[in-house]
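K.L.:
The structure is given below, and queries will be raised subsequently.
The values are calculated or read from the model by the stated rules, or taken from the named source; none is laboratory data. Note that the structure is a prediction, hence the values are computed from the model and not measured. Backbone-built Cβ (ideal geometry, glycine too); neighbour counts: all protein chains shown. For accessibility, only protein heavy atoms count, side chains too; no ligands or nucleic acids. Shrake-Rupley method; radii C 1.70, N 1.55, O 1.52, S 1.80 Å.
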Amino acid sequence: MGKYKSSSRRELTPKSDAPHVIWRGIGCLMMIVIPAISIAAGIATVDYGLTHNWPIPYQLLTAPVLPKFFYKSSGLLTIFYPLTQIPSFYAYVAVSVLYMMVIGGVISVIYATIYRFVGPSRYGPLDAPPPKIKTKRYTR
């Protein structure tokens, strides 16, 4: 038994810095689900806007044009040629990115709110308590 060690206190186990396993699975699932939902919603929104004559910029309603070096490579042309057949491709991409940002922002706010109530305390057992300072208003 050491001079400064008490036999009644138990050792604190260090916490791992890695997130819980379930959070990794949820994060992986979200990386697949959020873009899929955003792309589907973007396509539906643009198609609805086109049928109801929304003022969509004409630059977004064209099919993409590939650079000249894509036509020299059969591999690149095979991969990217189907994109040139999609009318309003740029509008679909723009609206899908907007949906991804909105969905990601909403999920972040919900997660932060839940983490605030359920998460660990602000101070650990080895932290000093916050200072209790009362200041007086300075008057001249």
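K.L.:
Accessible area per residue, 1.4 Å probe, Å², for the chain: what's the number?
P.N.:
Normalised by residue count, the accessible surface of the chain is 91 Å².
K.L.:
So what are the range 43-106's ellipsoid semi-axes, whole angstrom, largest first, if each one is the square root of 5 times an eigenvalue of the alpha-carbon gyration tensor?
P.N.:
Calculated on Cα positions only, the semi-axes equal 27, 16, 9 Å.
K.L.:
Cα axis of helix 21-51 to longest principal axis of the chain: angle in degrees, 0 to 90, nearest 10?
P.N.:
It works out to around 30 degrees.
K.L.:
Can I ask one more? For the chain, take the longest principal axis of its alpha carbons; what is the angle in degrees between that and the long axis of helix 89-118, to the nearest 10 within 0 to 90?
P.N.:
Once rounded, one gets 10 degrees.
K.L.:
Using a 7 Å offset from the Cα along the Cα-to-Cβ direction at both Ile22 and Arg137, what is the distance between the two label points in nm, to one decimal?
P.N.:
Here the modelled spin labels are 4.9 nm apart.
K.L.:
State the percentage of accessible surface on the chain attributable to carbon and sulfur atoms; use a 1.4 Å probe and exclude ligands, DNA and RNA.
P.N.:
Here carbon and sulfur together make up 67 percent of the probe-accessible area.
K.L.:
At 7 Å along the Cα-to-beta-carbon direction for both Ala94 and Phe80, put a label point, then send me their distance in nm to one decimal.
P.N.:
Rounded to a tenth, the inter-label distance reads 2.1 nm.
K.L.:
Pick out, from Val97, Gly124, Tyr48, the residue whose Cα sits farthest towards the positive end of the charge dipole of the range 32-134, with +1 on the Cβ of Lys and Arg and -1 on the Cβ of Asp and Glu.
P.N.:
Working it through, the farthest residue towards the positive pole turns out to be Gly124.
K.L.:
Over the alpha-carbon set of the chain, divide Rg by the Kirkwood Rh and report the Rg/Rh ratio to two decimals.
P.N.:
1.29
K.L.:
Provide the gained length on full extension for the span Leu66 to Tyr115, in nm with one decimal, where the gain is 0.36 nm per separating residue minus the Cα-Cα distance. Please report the intermediate quantities before stating the final value.
P.N.:
Working: separation 49, 0.36 × 49 = 17.64 nm, distance 4.58 nm.
The span from Leu66 to Tyr115 would gain 13.1 nm if fully extended.
K.L.:
Additional query: What spacing in nm lies between the two simple spin-label points modelled at Ala36 and Tyr48, each 7 Å away from Cα in the Cβ direction?
P.N.:
My value for the distance between the label points is 2.1 nm.
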